[in-house]
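*Asks:* Quick one: this structure, given as structure tokens, is what I'll be asking you about.
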Amino acid sequence: MTWRTEILQDLKANPEVSVLILGGGVNGVGLLRELALQGVDCLLTDKSDFVAGASSKSSRMIHGGLRYLENREFRLVRESLFERNRLLDNAAHCVTPLQTTIPLFSWLGGLLRSTLIFWGISVRPGSRGALIVKMGLWFYDFVTRKDRRTPKHYLTSKGESLRTIPGLNPSIVATASYWDAEISQPERLCIELIQDARAAYPRSRALNYVRLEGCQGGQVHLRDETTGESVAIRPRIVINATGAWVDLTNRTLGIETRFMGGTKGSHLVVRSPALRRALGDRMVYYQHADGRVCIVFPLKDKVVMGSTDIRTDDPDSAECDGAEIDYMMATLCGVFPGVEVSRQDIVFTFCGVRPLPASKSEVLANVSRGHSVEVIEPAGGREFPVYSLIGGKWTTFRAFAEQVADGVLARLGAERKCATQGVAIGGGRDFPADPERRREWIRRVAAESGLAEGRVAALVERYGTAAEAYAMGADAGAETPLRSLPGYTVGEIRRIVAREFVEHLADLVCRRSTIALLGDARPDVLRELAQVAGGVLGWDPARQEQEVAQALAAVRVPGARDVQGRATPPTPSAAS
Ligand SMILES: Cc1cc2nc3c(=O)[nH]c(=O)nc-3n(C[C@H](O)[C@H](O)[C@H](O)COP(=O)(O)OP(=O)(O)OC[C@H]3O[C@@H](n4cnc5c(N)ncnc54)[C@H](O)[C@@H]3O)c2cc1C
């Protein structure tokens, strides 16, 4: 019996569930783990794959949010920096410090504008000069002084900056550098949170591809999209953690709300050896002429650039379009005029919808990135309360989960059993973050398992210390590299498919690995992966072909016709 059938059969026999969490993004799975550690039985469902929403489409920064200082969101910055430092410890296998450099185009620019924004007057952010940036970075260092995990900021002269970052716009007066953190595999970390929740408390269950059909009295009706089967469960509390879909989900539950004001944001992944060399290991964080903050950072041998910020009411149809591609190319050209990057260099794009709170602000950048919960009490025949999770950043998911869990525990009359600030996640457990200790770890596991050191190093980079169990149990016969993508072996793919809730080929390439992100989801790779995954999941050749077609559609560069041909004129709305 598969894990899925087992959960569904159990739910049919025992439909009572303490907490039903709708939505398997980082806020949903973070709460699942938080409650599992307190011994609360939960069922989490996602209408699509886990992490298919904003949580796999972010800029991958685990950060304090330097920009939020201008809006006086000191509490949010402090909380974010605290959580950033926790993630550096608890998920050291995929959260690492990141040097971030800001090109400065004037010494005093933006003083008046930043002062107005600081005092709550809604003006569009403009170019910020060295003085304003220096003040923000000083505050950043001040906030982290007691728990310093990253170096302090510093300014670099124009000459030195142009020498170390070739191709940078020569109109700069200096650059400023500070440290935040990046997350290499946010998608995998969410899967690890689900696995940790299941390990901590077996009554903690999660199902992807399960649609919410509605509710009646104390019952919630769910439909398993993989089999068409329906099941009715009786939750004591429902958590709506569906991000940008919160209002739509509430409507299905018979509640009219207008909590959300989502904005879509797109990123491009490009193959540009010159830009990759210019960046080194740093992110460049810059302002476009329209005042929007953009970023460009290395990802293995590729470069990621982003992002846009466009209001949208329909998270299901959000995708990166040709105008956004033009916009991002134009912003890059402003900061790196000396490096040529063209639309033909794009290997992948991704677009997500930020679950921002509803706001009348015309300036989207000024809408708070903080988080809150709205509790709707039982009414109109609905017998359970609905908690809607609004806003939040990837960085602050644990703090958000902790706050929501406290409310849930109080309502259930249960005690908190443990704090989660120091609880490691998945392959971050006992992770040797120090490079010398890591080399020793790799040597030991290689010697004990018989795998080559290079192979163990690749595994630890993907799975953290969970690589040890993999290496020890590796079937030598299945350690055959894939013909089309030799960095992965047949055994590794089989293991992901069998253990990580994969239902479709796109789950594997988009959210259990970086295959799509790095532009490697080519037709030959997808065919070989479909064959290997199909061997585990029982896909016949027709199903394999269908999976390949669906995965190709998922990784298609939207506006591909534009990318290959004529440039579409930039639309200013792409940045607003
Ligand atoms: C472009 C962009 C850049 C960002 N950059 C950063 C960054 O650098 N750092 C940072 O900290 N944060 C960043 N964020 C914010 C961060 O990604 C989000 O705040 C966070 O991922 C939200 O998580 P969530 O779980 O609330 O929502 P989501 O991840 O969107 O998850 C919601 C889930 O609910 C599911 N769902 C929808 N309807 C239903 C239903 N009826 N029933 C069941 N499931 C349903 C969806 O399929 C989805 O999986 C960024 C966001 C975007 C879009």
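*Asks:* What whole number of Å gives the distance from the Cα centroid of region 452-510 to the Cα centroid of region 293-327?
*Replies:* With region 293-327 and region 452-510 each reduced to a Cα centre, they are spaced 29 Å.
*Asks:* To continue, here is another question. Straight distance only, please: which lysines reach the Cα of Lys393 with their own Cα at less than 16 Å, same-chain residues fewer than 8 apart left out?
*Replies:* Cα-Cα hits under 16 Å: Lys57, Lys264.
*Asks:* Here's another thing I want to ask about it. Just the C-alpha atoms of region 442-501: what Rg/Rh do they give, with Rh taken as the Kirkwood radius?
*Replies:* Checking Rg against Rh, the ratio lands at 0.93.
*Asks:* If contacts are Cα pairs under 8 angstrom and at least 6 residues apart, what is the relative contact order of region 394-503 in percent?
*Replies:* 16
*Asks:* With an 8 Å cut-off on Cα pairs and a minimum separation of 6 or more residues, tell me the relative contact order of the chain in percent.
*Replies:* That works out to 19 percent.
*Asks:* List the residues whose amide H sits under 5 Å from the amide H of Ser48, counting only those 5 or more places along or on another chain, with H placed 1.01 Å from N in the peptide plane.
*Replies:* When sequence neighbours closer than 5 places are left aside, the close amide H contacts are Tyr209, Val210.
*Asks:* If amide hydrogens are placed 1.01 Å from N in the peptide plane, which non-local residues have theirs closer than 5 Å to the one on Glu213?
*Replies:* Those lying under 5 Å, H to H, from Glu213 are His221, Leu222, Arg223.
*Asks:* Here is a follow-up. Hey, can you grab everything whose amide H is under 5 Å from the amide H of Glu182? Only 5+ residues off in sequence or another chain; H modelled, so Pro and N-termini drop out.
*Replies:* Close amide H contacts, sequence-distant or interchain: Ile62, Thr96, Leu98.
*Asks:* Largest first and to the nearest Å, give the Cα extent of region 424-557 along each principal axis.
*Replies:* 46, 31, 23
*Asks:* For region 1-101, what is one quarter of the convex hull surface built on the Cα atoms, given in nm²?
*Replies:* One quarter of the hull surface, i.e. the mean projection, equals 9.2 nm².
*Asks:* Shifting gears a bit: What aspartates and glutamates sit close enough to Lys158 to cross-link, taking a C-alpha to C-alpha distance under 20 Å and skipping anything fewer than 8 places away on the same chain?
*Replies:* Within the straight-line limit of under 20 Å, Lys158 reaches these aspartates and glutamates: Asp281.
*Asks:* When only the heavy atoms of the protein chains count and the probe is 1.4 Å, how do Lys417, Lys300, Lys47 rank by accessible area, highest first?
*Replies:* If we order Lys417, Lys300, Lys47 from most to least accessible, we get Lys417, Lys300, Lys47.
*Asks:* Could you state the orientation-averaged shadow area of the convex hull built on the Cα atoms of the chain, in nm² to one decimal?
*Replies:* Spelled out: convex hull of the Cα atoms, projected over all directions, averaged, 25.9 nm².
*Asks:* Also, quick follow-up: Give the shape of region 152-257 as rounded, prolate or oblate, defined through the alpha-carbon gyration tensor: a ≥ b ≥ c are the square roots of its eigenvalues, a/c under 1.5 means rounded, and otherwise the shape is prolate if a/b is larger than b/c and oblate if not. Walk me through the numbers before you get to the answer.
*Replies:* Details: a/c = 3.74, a/b = 2.68, b/c = 1.40.
It is prolate, given that a/c is not under 1.5 and a/b is the larger ratio.
*Asks:* Over the Cα atoms of region 146-186, what is the Rg over Rh ratio if Rh follows Kirkwood?
*Replies:* 1.11
*Asks:* What would the Debye formula give as log10 I(q)/I(0) at q = 0.20 Å⁻¹ for the alpha-carbon point model of region 252-353, no solvent?
*Replies:* Debye curve over Cα of region 252-353, log10 I(q)/I(0) at q = 0.20 Å⁻¹: -0.98.
The values are calculated or read from the model by the stated rules, or taken from the named source; none is laboratory data. As the structure is a computational prediction, the values presented were derived from the model and not from experiment. What goes into the accessible areas is simple: the full protein's heavy atoms, side chains included, and nothing from ligands, DNA or RNA. Shrake-Rupley method; radii C 1.70, N 1.55, O 1.52, S 1.80 Å.
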